[in-house]
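A quick write-up on the structure given underneath.
The values are calculated or read from the model by the stated rules, or taken from the named source; none is laboratory data. What you see is a predicted model, and the numbers here were worked out from it, not measured in a lab. Cβ coordinates were reconstructed from backbone atoms using ideal geometry, including for glycine residues, and neighbour counts include every protein chain displayed. Ligands, DNA and RNA are excluded from the accessible area calculation, which covers all protein heavy atoms including side chains. Shrake-Rupley method; radii C 1.70, N 1.55, O 1.52, S 1.80 Å.
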Amino acid sequence: GQVRYSVPEEAKAGTVVGRLAQDLGLEAGEPEARRLRLVAQGRRASVEVSGASGALVVSSRLDREELCGKSAPCALRLEVLVERPLRVFHVELEVTDINDNAPLFPAARKNLSIAELSLPGSRFPLEGASDADVGANAQLSYTLSPSEHFGLEVKAKDETKMLLLLELKKSLDRETMPVHRLVLTASDGGRPSLTGTMELVISVLDANDNAPQFNQSVYKVKVVEGSELGTLLIKLTATDLDEGINSDIIYSFSRRVAAQVKEMFSIDENKGEIRLQGKLDYEEMDSYEITIEARDKGSPPLSGHCKVLVEVLDVNDNAPEVWVTSLSVPVPEDAAVGTVVALLSVSDRDSGANGRVRCAVRPAAPFGLVARLAGSYSLVLREALDRERVSEYEVEVRAEDGGAPPLRASRGVRVPVSDVNDNAPAFAQAVYTVLARENNAAGAELARLWARDPDEAGNGRVSYSVAEGGVGGAASGGGWRAASSYVSVDAESGRLWALQPLDYEEVQVLQFEVRAVDAGEPPLCGNATVQLFVVDENDNAPALLPPAGVGPGPGAAVSAASAAGPGPGAGAVSGALWAWAAWGAPAGQVVAKIRAVDADSGYNAWLRYELWEPRGKGAFRVGLYSGEVSTARALEEADGPRQRLVIVVRDHGEPARSATATLSVSLGEGAEAALAAAGSSSSSSSAGAESGASSSSSSTNVWLVVAICAVSSVFLLAVVLYGACRW
């Protein structure tokens, strides 16, 4: 419903009009908390809502005449808004009139010319005064200063206007008194009464004693707004009983006709035709009152007057207008259905069916219109929102009037949708496979991880961390170590980097989880598994092993030769590698065996043995992969009592790494060689043991080749899978 108040015009600023908050049912403190306020309308209301008390008070000068003119009653329609929840109330404020305007005549002085032959009882129209007030304050009464020749006659033209006539009571004599000066006083009905005066200067004319007369005192004309210029409205005719030049009539607008009327209409001074010369607009002015004067050419000229009332008929020439009076944006994407987004005001300056407006909203979803009062609508939410699907809506409110043809207007409303944290970060892959070479530099970038969060701002800002995972057992030295001791992830960029150089011999595979957490409230998270494969580098040189059954030697190993019967043997004395061979030993006789290992894997751990010295065709050779030192030909006494062999052990890495072993081979008779071999039996194997060691070494080489092929195959498969995943 509506709340109605009244306040007299000219009330002082701060005057309390009414206890608005109490009348609206608000509790103490609610007006300020819920932002009770007025919505600005098309014209200044001069009132405001007191924030603390919620009272409606006068804020500036209230002038009823300025606000409403002559309209009565003067009612201002106000809209009051409160928030949380948003509601609108309608308040009607009536500004009552006080007698603050005195009657005002069109001019302070009016000159009249009256023929001296005018008969007693003749009446001459006078223009009355106007009072900007209304009601009793605008009810005017007139008095004329005492005169034996003139009197004042007042007639009611209609309910609001009065006709003033100056009546001649006694014949005039120009020779006795050529000029009469009278004072016309207008008094209003206010208390106290206010007055206005106008001086009448009446000149008595001689001779031409008949004024032109119209057949009607008031003419009424109807014309459609927007009519073409030059349209004939009416043709006036006045008659003059005089003859000759005294009966020739000239038509014109009265001197008191407003300039606006003269710009809108024209009159033919000879024919009395009134035509349209301006563009009529019903919304600016729906009627015109024109005073026409018919003046003869006598000397002095006499005139007659009439009024033409022009009524302007409305056509549908104004499109509807749409205003957004309140807008609550952005709208959270989890806003409930029915939430009020905006308040709209719709109007049409036309009248009747031309001013009746229908409204619709495009697109039809997710918003809709709800009519509140005439010309007022609420834009409400009809469906749930999803900012990740549509982050902003351009809503068009269309209005169409009931004219024929109808006119349309629209108003665009931009409704942004604010984000809520309803999406967890998601990695592009559930499992990431990363290859890293060992001995990488600390701080080297291993990979870049990225998780997408479609939310915005803090809700979409992702931070990364290593969640869990590690390596344990023999690979890490017998204990469990967390993945965070090997790698770290940049919290902002998701860059995965190494905290320390990786050692393939310590860690071959590192599996851990990376967590992505957004900055929403509450925060949401997503996980991805990272499998980090350490690729072996050739960073370990071959290491020579001591002879079987003997403590470590000086950087090399020699396996024992047969200790039973004459034949070659092997041993270590005073840190030197030595072996024995008998003269006449056939080609292919194994003299010694060099044993070495490499901590790397694959090709990097595949060893080959080369005879470095002596070069060329010597008496001995070494097995390329077995490390067995054997005779290249039958030994002769010419070969001397001792042979010094330098053997290089290399791996297949890139670049290759190597170790060097020096072997001294003593040559002698078969019995001497057997005794020497028997003398070293405490630190060497028997002949049968050597045969078994030789067989075991051959078997080890076979398995080493198989292991190398298997590791190579796994490496190639890992590279192919990694490339496929990246693709």
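Between Ala136 and Ala384, how many nm apart are label points set 7 Å from Cα along the C-beta direction?
Reported label-point gap for Ala136 and Ala384 is 6.7 nm.
Under the 0.36 nm per residue contour assumption, what length would be gained going from the current alpha-carbon distance of Trp323 and Ser252 to full extension?
21.0 nm
Would you grab the residues whose amide H sits under 5 Å from the one on Glu468? Only those 5+ places off in sequence or on another chain, please, with H modelled 1.01 Å from N.
Result for Glu468 returns Glu513.
Given an 8 Å cut-off on Cα distances and at least 6 residues of separation, report the relative contact order of the chain as a percent.
Computed over the chain, the figure is 6 percent.
Stokes-Einstein at 10 °C, 1.306 mPa s, Kirkwood radius from Cα pairs: D for the stretch 346-490 in µm² s⁻¹?
Taking Rh from Cα pairs, D becomes 75 µm²/s.
For Lys169, give me every one of the aspartates and glutamates with a C-alpha distance below 17 angstrom, ignoring sequence neighbours fewer than eight places off in its own chain.
Straight-line reach from Lys169, under 17 Å: Glu116, Glu148, Glu153, Asp209.
Assign one of three labels to the stretch 177-328, namely rounded, prolate or oblate, based on the Cα gyration tensor with a ≥ b ≥ c the square roots of its eigenvalues; rounded applies when a/c is under 1.5, prolate when it is not and a/b is larger than b/c, and oblate otherwise.
Oblate.
In square angstrom, rounded to the nearest 10, how much accessible surface does Glu83 have for a 1.4 Å probe?
The value for Glu83 is about 40 Å².
Tell me the label only: which of [x] 117, 40, 21; [y] 67, 32, 24; [z] 129, 27, 19 is semi-axes √(5λ) of the Cα gyration tensor in Å as calculated from this structure?
Of the labelled values, this structure produces [z].
If only Cα atoms are counted, what is the Rg of the stretch 4-96, and what is its Dmax, in Å?
Values for the stretch 4-96 (Cα only, Rg and Dmax): 13.0, 40 Å.
Where does the charge balance sit around Gly526 when Lys and Arg score +1, Asp and Glu -1, over other residues with C-beta under 12 Å from its C-beta?
Taking every other residue near Gly526 into account, the sum is -1.
Distance between the C-alpha centers of the stretch 316-357 and the stretch 238-256? Whole Å please.
58 Å
What spacing in nm lies between the two simple spin-label points modelled at Glu263 and Ala365, each 7 Å away from Cα in the Cβ direction?
That separation, rounded to one decimal, is 5.4 nm.
What is the ratio of the Cα radius of gyration of the stretch 109-205 to 2.2 N^0.38 Å, where N is its residue count, to two decimals?
Here the Cα radius of gyration is 1.16 times the empirical estimate.
Quick one: how many Å² of Met162 are accessible to a 1.4 Å probe, rounded to 10?
80 Å²
Rank Arg34, Arg372 by accessible area, highest first, at a 1.4 Å probe radius?
So the residues, ranked largest to smallest area, are Arg372, Arg34.
Round to the nearest 0.05 the FRET efficiency obtained for Asn439 and Val646 when R0 = 35 Å and r is the Cβ-Cβ distance.
It comes out at approximately 0.70.
Using the Cβ atoms and a cut-off under 13 Å, what net charge is assigned to the surroundings of Ile245, where Lys and Arg are +1 and Asp and Glu are -1?
Taking every other residue near Ile245 into account, the sum is -3.
With every protein chain present, what accessible area does Ser378 have (1.4 Å probe, heavy atoms only), rounded to the nearest 10 Å²?
10 Å²
Relative contact order of the stretch 109-205: what whole-number percent is it, with Cα pairs under 8 angstrom and at least 6 residues apart?
Contact order relative to length: 40 percent.
Using the Cβ atoms and a cut-off under 12 Å, what net charge is assigned to the surroundings of Asp453, where Lys and Arg are +1 and Asp and Glu are -1?
Local charge sum for Asp453: -4.
Please identify the cysteines of the chain that lack any partner cysteine with a Cβ under 4.7 Å from their own Cβ.
Cys306, Cys359, Cys525, Cys709, Cys725
Please go through the residue pairs Lys155/Lys262; Lys70/Lys235; Lys235/Lys262 and name each one whose alpha carbons sit more than 25 Å apart in this structure.
As for pairs spanning more than 25 Å Cα to Cα, those are Lys155/Lys262; Lys70/Lys235.
For the stretch 321-411, place one equal point scatterer on every Cα, skip the solvent, and apply the Debye formula. What is log10 of I(q)/I(0) at q = 0.23, 0.25 Å⁻¹?
-1.12, -1.27
Can you give me the relative contact order of the stretch 363-484 as a percent, contacts being Cα pairs under 8 Å and 6 or more apart?
RCO, the stretch 363-484: 15 percent.
On a 1.4 Å probe surface of the protein chains, which of Glu388, Glu269 comes out largest in accessible area, and what is the full order?
Glu269, Glu388
Could you work out how far apart the two model spin labels at Arg87 and Glu48 are, taking each label as a point 7 Å from the Cα in the direction of the beta carbon, and quote it in nm?
For Arg87 paired with Glu48, the spin-label model returns 2.5 nm.
Give the angle, between 0 and 90 degrees and rounded to the nearest 10, that separates the Cα long axis of helix 687-726 from the longest principal axis of the Cα atoms of the chain.
Tilt relative to the chain: about 10 degrees.
When all C-alpha to C-alpha distances in the stretch 578-628 are sorted into bins of 5 Å, what percent of pairs does each bin hold, rounded to whole numbers?
Using 5 Å bins, I get a P(r) of 5, 16, 23, 25, 14, 9, 6, 2, 0 for the stretch 578-628.
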